[in-house]
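Asker: Attaching a single structure in C-alpha coordinates format; questions to follow.
The values are calculated or read from the model by the stated rules, or taken from the named source; none is laboratory data. Since the model is a prediction, treat every value here as computed from it, not as a measurement. Don't worry about glycine lacking a Cβ; one is built from the backbone with ideal geometry, like all the others, and counts go over all protein chains shown.
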Amino acid sequence: MDRILLGHGSGGKLMHDLIKKYIAPVFELPTLMDSAIVNINHSGKIAITTDSYTVSPIFFPGGDIGDLAINGTVNDLSVVGAIPLYLTVGFILEEGFQISDFERILKSISKSAKEANIKIVAGDTKVVDKGKGDGIFINTSGIGIVPDGVELSPLKIEVGDKVLISGSIGNHGIAVMAERNGFTFEPPVLSDTRPLNGIINEIMKNFASAIKIMRDPTRGGVATTLKELAVDSGKDITIYENSIPVHDTVKGACDLLGLDPLYVANEGIFVAIVESQKAEEILELIKKHPFGKESAIIGEITGGGGKVLLKTSIGGTRLVDMLPGEQLPRIC
(Lines give C-alpha, C1' and ligand atoms only; values in the text may rest on other atoms or scores of the structure.)
Protein backbone atom coordinates (compact mmCIF):
# COMPACT_ATOMS: atom_id res chain seq x y z
CA MET A 1 0.00 0.00 0.00
CA ASP A 2 1.58 3.26 -1.11
CA ARG A 3 -1.19 5.84 -0.54
CA ILE A 4 -3.32 7.12 2.32
CA LEU A 5 -6.83 5.65 2.39
CA LEU A 6 -9.90 6.95 4.22
CA GLY A 7 -9.55 3.91 6.46
CA HIS A 8 -6.27 5.28 7.77
CA GLY A 9 -8.35 7.83 9.69
CA SER A 10 -11.15 5.51 10.80
CA GLY A 11 -9.76 4.51 14.18
CA GLY A 12 -9.55 0.84 13.14
CA LYS A 13 -6.79 -1.50 12.04
CA LEU A 14 -5.52 0.62 9.14
CA MET A 15 -5.14 3.65 11.39
CA HIS A 16 -3.53 1.52 14.10
CA ASP A 17 -1.06 0.11 11.57
CA LEU A 18 -0.24 3.60 10.19
CA ILE A 19 0.57 4.88 13.67
CA LYS A 20 2.45 1.79 14.82
CA LYS A 21 4.44 1.30 11.59
CA TYR A 22 5.20 4.87 10.54
CA ILE A 23 4.54 7.46 13.25
CA ALA A 24 5.36 5.91 16.63
CA PRO A 25 8.81 4.52 15.68
CA VAL A 26 9.98 7.79 14.11
CA PHE A 27 8.86 9.90 17.09
CA GLU A 28 9.98 7.22 19.60
CA LEU A 29 6.59 7.07 21.31
CA PRO A 30 6.67 4.16 23.81
CA THR A 31 2.91 3.94 24.38
CA LEU A 32 -0.25 5.17 22.67
CA MET A 33 -2.39 6.68 25.43
CA ASP A 34 -5.13 9.32 25.27
CA SER A 35 -2.88 11.96 26.83
CA ALA A 36 0.82 12.42 27.49
CA ILE A 37 2.00 12.74 31.08
CA VAL A 38 5.22 14.72 31.41
CA ASN A 39 7.36 16.01 34.25
CA ILE A 40 8.05 19.75 34.36
CA ASN A 41 10.69 20.07 37.05
CA HIS A 42 11.46 23.72 36.49
CA SER A 43 10.76 26.99 38.23
CA GLY A 44 9.01 29.72 36.28
CA LYS A 45 5.87 30.20 34.22
CA ILE A 46 4.61 27.95 31.43
CA ALA A 47 4.39 29.20 27.83
CA ILE A 48 1.93 27.49 25.48
CA THR A 49 1.52 28.03 21.74
CA THR A 50 -0.30 26.37 18.86
CA ASP A 51 -0.07 26.75 15.10
CA SER A 52 -1.21 25.11 11.87
CA TYR A 53 0.84 24.64 8.70
CA THR A 54 -0.60 24.51 5.19
CA VAL A 55 2.38 25.48 3.03
CA SER A 56 2.21 24.81 -0.70
CA PRO A 57 4.30 23.17 -2.05
CA ILE A 58 5.03 20.92 0.90
CA PHE A 59 8.67 20.43 -0.20
CA PHE A 60 10.72 23.50 -1.08
CA PRO A 61 14.41 24.47 -1.28
CA GLY A 62 15.86 24.35 2.22
CA GLY A 63 12.98 22.58 3.95
CA ASP A 64 9.51 21.07 3.96
CA ILE A 65 6.24 21.31 5.84
CA GLY A 66 7.59 18.98 8.54
CA ASP A 67 10.62 20.95 9.73
CA LEU A 68 8.65 24.16 9.18
CA ALA A 69 6.02 22.97 11.68
CA ILE A 70 8.58 22.07 14.34
CA ASN A 71 10.80 25.11 13.91
CA GLY A 72 7.86 27.49 13.75
CA THR A 73 6.48 26.25 17.05
CA VAL A 74 9.89 26.18 18.74
CA ASN A 75 10.52 29.74 17.60
CA ASP A 76 7.14 31.01 18.81
CA LEU A 77 8.02 29.71 22.28
CA SER A 78 11.58 31.00 22.14
CA VAL A 79 10.80 34.62 21.25
CA VAL A 80 8.71 35.02 24.42
CA GLY A 81 11.77 33.95 26.42
CA ALA A 82 10.64 30.37 26.99
CA ILE A 83 12.72 27.20 26.92
CA PRO A 84 10.80 24.80 24.61
CA LEU A 85 10.21 21.36 26.14
CA TYR A 86 7.30 19.43 24.62
CA LEU A 87 5.36 19.30 21.35
CA THR A 88 2.19 17.73 20.02
CA VAL A 89 1.79 17.06 16.30
CA GLY A 90 -1.52 16.53 14.51
CA PHE A 91 -1.91 15.47 10.87
CA ILE A 92 -4.83 16.02 8.52
CA LEU A 93 -4.10 13.78 5.53
CA GLU A 94 -5.94 13.72 2.22
CA GLU A 95 -7.05 10.39 0.80
CA GLY A 96 -4.53 9.38 -1.87
CA PHE A 97 -1.54 11.14 -0.28
CA GLN A 98 1.70 9.26 -0.99
CA ILE A 99 2.87 7.29 2.05
CA SER A 100 6.48 7.76 0.89
CA ASP A 101 5.99 11.54 1.16
CA PHE A 102 4.42 11.07 4.59
CA GLU A 103 7.45 9.06 5.69
CA ARG A 104 9.78 11.79 4.42
CA ILE A 105 7.87 14.42 6.39
CA LEU A 106 7.85 12.27 9.55
CA LYS A 107 11.63 11.88 9.37
CA SER A 108 12.03 15.62 8.84
CA ILE A 109 9.86 16.31 11.90
CA SER A 110 11.85 13.88 14.01
CA LYS A 111 15.20 15.31 12.89
CA SER A 112 14.09 18.89 13.53
CA ALA A 113 12.71 18.08 16.98
CA LYS A 114 16.02 16.48 17.97
CA GLU A 115 18.00 19.43 16.64
CA ALA A 116 15.83 21.78 18.70
CA ASN A 117 16.06 19.51 21.77
CA ILE A 118 12.28 19.36 22.12
CA LYS A 119 10.32 16.14 22.65
CA ILE A 120 7.20 15.10 20.73
CA VAL A 121 4.85 13.58 23.32
CA ALA A 122 1.42 13.36 21.66
CA GLY A 123 -0.39 13.66 18.36
CA ASP A 124 -3.42 12.91 16.23
CA THR A 125 -4.16 11.73 12.69
CA LYS A 126 -7.26 12.35 10.60
CA VAL A 127 -7.97 11.53 6.93
CA VAL A 128 -10.34 13.56 4.73
CA ASP A 129 -11.89 12.76 1.34
CA LYS A 130 -9.78 13.22 -1.76
CA GLY A 131 -9.97 16.81 -2.94
CA LYS A 132 -10.70 18.24 0.51
CA GLY A 133 -7.28 18.37 2.16
CA ASP A 134 -4.58 19.48 -0.31
CA GLY A 135 -2.30 16.60 0.63
CA ILE A 136 -1.34 17.29 4.22
CA PHE A 137 -1.95 19.88 6.92
CA ILE A 138 -0.05 19.83 10.22
CA ASN A 139 -1.11 21.28 13.57
CA THR A 140 1.34 21.65 16.43
CA SER A 141 1.16 22.77 20.03
CA GLY A 142 4.20 23.52 22.16
CA ILE A 143 4.92 23.92 25.86
CA GLY A 144 7.93 25.64 27.37
CA ILE A 145 9.14 27.11 30.63
CA VAL A 146 9.71 30.83 31.09
CA PRO A 147 12.51 31.20 33.67
CA ASP A 148 11.95 33.39 36.71
CA GLY A 149 12.64 37.04 36.01
CA VAL A 150 11.98 36.86 32.26
CA GLU A 151 9.17 39.18 31.23
CA LEU A 152 9.22 40.56 27.69
CA SER A 153 6.70 43.20 26.68
CA PRO A 154 6.33 45.95 24.05
CA LEU A 155 5.34 48.23 26.93
CA LYS A 156 8.99 48.18 28.04
CA ILE A 157 10.16 49.80 24.80
CA GLU A 158 11.74 53.23 25.31
CA VAL A 159 13.06 55.99 23.06
CA GLY A 160 16.70 55.24 22.23
CA ASP A 161 16.34 51.44 22.24
CA LYS A 162 17.89 49.66 19.27
CA VAL A 163 16.27 47.27 16.78
CA LEU A 164 18.29 44.11 16.05
CA ILE A 165 17.67 41.44 13.45
CA SER A 166 19.34 38.02 13.61
CA GLY A 167 19.76 37.37 9.89
CA SER A 168 18.95 38.24 6.29
CA ILE A 169 15.31 38.68 5.31
CA GLY A 170 12.97 37.26 2.67
CA ASN A 171 14.63 33.88 2.10
CA HIS A 172 11.73 31.64 3.07
CA GLY A 173 9.03 33.44 1.13
CA ILE A 174 11.09 33.65 -2.05
CA ALA A 175 12.16 29.97 -1.79
CA VAL A 176 8.53 28.82 -1.52
CA MET A 177 7.38 31.17 -4.28
CA ALA A 178 10.13 30.01 -6.62
CA GLU A 179 9.34 26.33 -6.07
CA ARG A 180 5.61 26.91 -6.49
CA ASN A 181 5.99 28.75 -9.78
CA GLY A 182 8.93 26.87 -11.28
CA PHE A 183 11.34 29.80 -11.07
CA THR A 184 15.07 29.27 -10.69
CA PHE A 185 17.61 31.72 -9.30
CA GLU A 186 21.39 31.56 -9.27
CA PRO A 187 22.53 31.02 -6.62
CA PRO A 188 19.33 29.28 -5.46
CA VAL A 189 17.34 30.85 -2.62
CA LEU A 190 16.92 28.47 0.33
CA SER A 191 14.33 28.74 3.06
CA ASP A 192 15.77 29.87 6.40
CA THR A 193 13.59 27.47 8.42
CA ARG A 194 15.57 26.57 11.57
CA PRO A 195 15.16 26.51 15.37
CA LEU A 196 16.07 29.72 17.18
CA ASN A 197 15.97 28.45 20.76
CA GLY A 198 19.73 27.88 20.93
CA ILE A 199 20.71 31.40 19.91
CA ILE A 200 17.91 33.01 21.94
CA ASN A 201 18.79 31.02 25.06
CA GLU A 202 22.33 32.38 24.82
CA ILE A 203 21.32 36.02 24.69
CA MET A 204 18.67 35.55 27.39
CA LYS A 205 21.19 33.95 29.73
CA ASN A 206 23.56 36.87 29.32
CA PHE A 207 21.31 39.89 28.62
CA ALA A 208 17.77 39.08 29.82
CA SER A 209 17.32 42.42 31.55
CA ALA A 210 18.33 44.33 28.40
CA ILE A 211 15.88 42.57 26.05
CA LYS A 212 12.59 44.45 25.80
CA ILE A 213 10.73 42.26 23.28
CA MET A 214 11.41 39.67 20.56
CA ARG A 215 9.34 38.55 17.60
CA ASP A 216 9.82 36.18 14.66
CA PRO A 217 8.75 38.01 11.47
CA THR A 218 6.92 35.24 9.62
CA ARG A 219 3.77 36.10 7.66
CA GLY A 220 3.76 39.79 6.79
CA GLY A 221 7.54 39.98 7.13
CA VAL A 222 9.68 42.43 9.06
CA ALA A 223 7.52 45.42 8.12
CA THR A 224 4.33 44.01 9.63
CA THR A 225 6.13 42.80 12.76
CA LEU A 226 7.70 46.20 13.41
CA LYS A 227 4.41 48.00 12.79
CA GLU A 228 2.70 45.74 15.32
CA LEU A 229 5.41 46.54 17.88
CA ALA A 230 5.12 50.26 17.15
CA VAL A 231 1.36 50.17 17.67
CA ASP A 232 1.56 48.02 20.82
CA SER A 233 4.26 50.21 22.37
CA GLY A 234 2.96 53.57 21.16
CA LYS A 235 6.48 54.41 19.99
CA ASP A 236 7.92 55.34 16.60
CA ILE A 237 10.47 52.98 15.07
CA THR A 238 12.98 54.22 12.51
CA ILE A 239 14.82 51.64 10.40
CA TYR A 240 17.61 52.14 7.87
CA GLU A 241 17.41 50.46 4.48
CA ASN A 242 21.19 50.21 4.10
CA SER A 243 21.47 48.32 7.41
CA ILE A 244 18.89 45.63 6.65
CA PRO A 245 20.56 42.37 5.49
CA VAL A 246 19.07 41.07 2.23
CA HIS A 247 20.79 38.61 -0.08
CA ASP A 248 21.37 39.94 -3.59
CA THR A 249 19.42 37.04 -5.08
CA VAL A 250 16.42 37.84 -2.89
CA LYS A 251 16.67 41.51 -3.84
CA GLY A 252 16.79 40.59 -7.50
CA ALA A 253 13.84 38.21 -7.22
CA CYS A 254 11.78 40.85 -5.40
CA ASP A 255 12.63 43.47 -8.03
CA LEU A 256 11.64 41.05 -10.79
CA LEU A 257 8.34 40.13 -9.14
CA GLY A 258 7.41 43.54 -7.79
CA LEU A 259 7.78 42.48 -4.14
CA ASP A 260 9.20 44.36 -1.16
CA PRO A 261 11.61 42.19 0.90
CA LEU A 262 10.33 43.86 4.07
CA TYR A 263 6.98 42.12 3.56
CA VAL A 264 8.28 38.69 2.52
CA ALA A 265 7.96 35.87 5.07
CA ASN A 266 10.84 34.54 7.17
CA GLU A 267 11.06 31.37 9.25
CA GLY A 268 14.52 31.43 10.85
CA ILE A 269 15.23 34.94 12.11
CA PHE A 270 14.03 37.10 14.96
CA VAL A 271 13.69 40.81 15.65
CA ALA A 272 14.67 42.12 19.09
CA ILE A 273 14.34 45.55 20.64
CA VAL A 274 17.06 46.04 23.23
CA GLU A 275 18.62 48.64 25.48
CA SER A 276 20.88 50.98 23.53
CA GLN A 277 23.82 50.54 25.93
CA LYS A 278 23.84 46.75 25.49
CA ALA A 279 23.00 46.57 21.78
CA GLU A 280 26.55 46.13 20.47
CA GLU A 281 27.36 43.44 23.06
CA ILE A 282 24.17 41.55 22.23
CA LEU A 283 24.92 41.82 18.52
CA GLU A 284 28.43 40.49 19.06
CA LEU A 285 27.05 37.45 20.91
CA ILE A 286 24.44 36.77 18.21
CA LYS A 287 27.12 36.93 15.49
CA LYS A 288 29.08 34.15 17.22
CA HIS A 289 26.20 31.71 16.64
CA PRO A 290 26.02 29.94 13.24
CA PHE A 291 22.48 31.27 12.75
CA GLY A 292 23.44 34.84 13.61
CA LYS A 293 26.36 35.63 11.31
CA GLU A 294 24.28 38.05 9.24
CA SER A 295 22.72 39.82 12.24
CA ALA A 296 22.66 43.60 12.35
CA ILE A 297 21.34 46.66 14.14
CA ILE A 298 18.76 47.99 11.70
CA GLY A 299 17.06 50.81 13.57
CA GLU A 300 16.03 52.51 16.79
CA ILE A 301 13.09 53.84 18.75
CA THR A 302 12.79 57.50 17.88
CA GLY A 303 9.67 58.90 19.51
CA GLY A 304 6.00 58.46 20.27
CA GLY A 305 3.13 57.85 17.89
CA GLY A 306 3.22 54.23 16.71
CA LYS A 307 4.73 54.81 13.26
CA VAL A 308 7.46 52.89 11.43
CA LEU A 309 9.72 55.06 9.27
CA LEU A 310 12.18 53.73 6.70
CA LYS A 311 15.21 55.85 5.86
CA THR A 312 15.87 54.83 2.26
CA SER A 313 19.23 54.29 0.62
CA ILE A 314 18.75 57.46 -1.45
CA GLY A 315 18.14 59.67 1.57
CA GLY A 316 14.35 59.75 1.62
CA THR A 317 11.87 58.66 4.28
CA ARG A 318 8.73 56.59 3.82
CA LEU A 319 6.06 55.24 6.12
CA VAL A 320 5.98 51.48 6.59
CA ASP A 321 2.61 49.90 7.37
CA MET A 322 1.27 46.39 7.86
CA LEU A 323 0.85 44.12 4.86
CA PRO A 324 -2.62 45.07 3.55
CA GLY A 325 -3.39 41.71 1.93
CA GLU A 326 -1.74 38.49 0.78
CA GLN A 327 1.60 39.21 -0.92
CA LEU A 328 2.54 35.53 -0.98
CA PRO A 329 -0.17 32.99 -0.04
CA ARG A 330 0.39 29.63 1.67
CA ILE A 331 3.95 30.18 2.92
CA CYS A 332 3.52 28.46 6.31
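Asker: Can you pull out every residue in region 240-279 that is surrounded by fewer than 22 Cβ atoms within 10 Å (Cβ to Cβ), outside any helix (DSSP H, G or I) and of a type in the set (A, V, I, L, M)?
Answerer: I244, V246, L259
Asker: Which members of region 280-298 meet the condition of being surrounded by 15 or more Cβ atoms within 10 Å (Cβ to Cβ) and within 17 Å of G62 (Cβ to Cβ)?
Answerer: Hits for region 280-298 are F291, E294.
Asker: Okay, next question. Just for strands (runs of 3 or more DSSP E) wholly inside region 130-231: which have at least 2 residues that are of a type in the set (D, E, K, R)?
Answerer: Hits in region 130-231: 211-215.
So that you can scan it fast, the table gives a plain yes or no per residue for (1) surrounded by fewer than 22 Cβ atoms within 10 Å (Cβ to Cβ); (2) under 14 Å from the mean Cα position of the chain (by Cα):
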| site | (1), (2) |
| --- | --- |
| G135 | yes, no |
| G142 | no, yes |
| I157 | yes, no |
| F183 | yes, no |
| P195 | no, yes |
| D216 | yes, yes |
| A223 | no, no |
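Asker: What are the residues in region 253-287 that are in contact with a Phe, Trp or Tyr (Cβ under 7 Å, 6 or more places away or on another chain) and farther than 25 Å from L77 by Cα, if any?
Answerer: Answer for region 253-287, where residues must be in contact with a Phe, Trp or Tyr (Cβ under 7 Å, 6 or more places away or on another chain) and farther than 25 Å from L77 by Cα: just A253.
Asker: Check S209 against each of (1) over 25 Å from A116 (Cα atoms); (2) over 22 Å from the mean Cα position of the chain (by Cα); (3) of a type outside the set (A, V, I, L, M); (4) at pLDDT below 95 and name the one condition it does not meet.
Answerer: Here S209 clears every test but (1).
Asker: Take the conditions under 21 Å from Y22 (Cα atoms), touching a helix residue (DSSP H, G or I) at 6+ places or on another chain (Cβ under 8 Å) and of a type outside the set (D, E) and apply them to I92. Does it pass? Steps first, please.
Answerer: Details: under 21 Å from Y22 (Cα atoms): yes; touching a helix residue (DSSP H, G or I) at 6+ places or on another chain (Cβ under 8 Å): no; of a type outside the set (D, E): yes.
So I92 fails the test.
Asker: Hey, another quick one. Do we find a residue being among the aliphatic types (A, V, I, L, M), farther than 24 Å from K111 by Cβ, surrounded by 16 or more Cβ atoms within 10 Å (Cβ to Cβ) and at pLDDT 95 or above anywhere in region 165-173?
Answerer: Yes, because at least one residue in region 165-173 is among the aliphatic types (A, V, I, L, M), farther than 24 Å from K111 by Cβ, surrounded by 16 or more Cβ atoms within 10 Å (Cβ to Cβ) and at pLDDT 95 or above.
Asker: Which of the residues belonging to region 166-193 are in contact with a Pro (Cβ under 7 Å, 6 or more places away or on another chain) and either free of Cβ contacts under 8 Å to residues at least 12 places away in the same chain or among the β-branched types (V, I, T) (or both)?
Answerer: I169, V189
Asker: Can you go through I298, I314, I331 and tell me which one is under 20 Å from S166 (Cβ atoms) and in a loop (DSSP other than H, G, I, E, B)?
Answerer: Of I298, I314, I331, the one residue that is under 20 Å from S166 (Cβ atoms) and in a loop (DSSP other than H, G, I, E, B) is I331.
Asker: Okay, moving on. Among the residues of region 1-27, what is the count of those that are modelled with pLDDT under 75 and among the hydroxyl-bearing types (S, T, Y)?
Answerer: So the answer is 1.
Asker: Let me ask you something else. Please enumerate the residues belonging to region 196-235 that are within 17 Å of N75 (Cβ to Cβ) and basic (K, R).
Answerer: If the condition is that a residue be within 17 Å of N75 (Cβ to Cβ) and basic (K, R), then R215, R219 are the ones that fit.
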